[in-house]
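Shown next, in structure tokens, is the structure this report addresses.
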Amino acid sequence: MNRGRARRWATPAAVVIAGLLALAGCGGGGGGGSSYKEPKGPAQATIDIKGGNFFFDPKNPQAPAGVDAIKLESEQGVHDLVFDKGKLPGFKLEASSGKSDELRANLKPGNYTFFCDIPGHREAGMEGTLTVT
Ligand SMILES: [Cu+2]
């Protein structure tokens, strides 16, 4: 009668597996953190945006649809660049004076509102719209 014994072993194993699955499920769920995944492939164009106190230049850049590089260069002060309304979640460029930051993004046709999310900067004028065609 080894069957009864085998059953007894099977139960704890199933519990452990179920527990592992539950853990994996918890950890995998997206919390909208700072992880941004760049698309594969080379950028077909680079969108150069300068930031300063308190402006973006150009304020309304244009770009072709597809994979583009977006570059933020700070002329003065520390600034960042994020997109509004859930577009490109996790995307964030940050640059201090004289430095630059760059990431690739897969852009679809449409308007992308971007801004500097350092408190007060957007209100002071650090906001723009990227038009993708
Ligand atoms: Cu700023």
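Taken over the stretch 19-77, the residue count meeting the criterion of being of a type in the set (Gly, Ala, Ser) and at pLDDT 95 or above is 10.
Checked against the criteria, residue 108 does not count as modelled with pLDDT under 95 and either closer than 18 Å to residue 41 by Cβ or touching a strand residue (DSSP E or B) at 6+ places or on another chain (Cβ under 7 Å) (or both). Scanning the stretch 53-84 for residues that are within 15 Å of the ligand (Cβ to nearest atom), surrounded by 14 or more Cβ atoms within 10 Å (Cβ to Cβ) and not in a loop (DSSP other than H, G, I, E, B) returns 55, 56, 72, 73, 74, 79, 80, 81, 82, 83.
Applying the selection to the stretch 85-119, what residues are in a loop (DSSP other than H, G, I, E, B), over 11 Å from the mean Cα position of the chain (by Cα) and not polar (S, T, N, Q)? 85, 98, 99, 108, 109, 116, 117, 118, 119 - these are the residues of the stretch 85-119 that are in a loop (DSSP other than H, G, I, E, B), over 11 Å from the mean Cα position of the chain (by Cα) and not polar (S, T, N, Q).
The values are calculated or read from the model by the stated rules, or taken from the named source; none is laboratory data. Note that the structure is a prediction, hence the values are computed from the model and not measured. Glycine also receives a Cβ, built like all others from the backbone with ideal geometry; neighbour counts cover every protein chain displayed.
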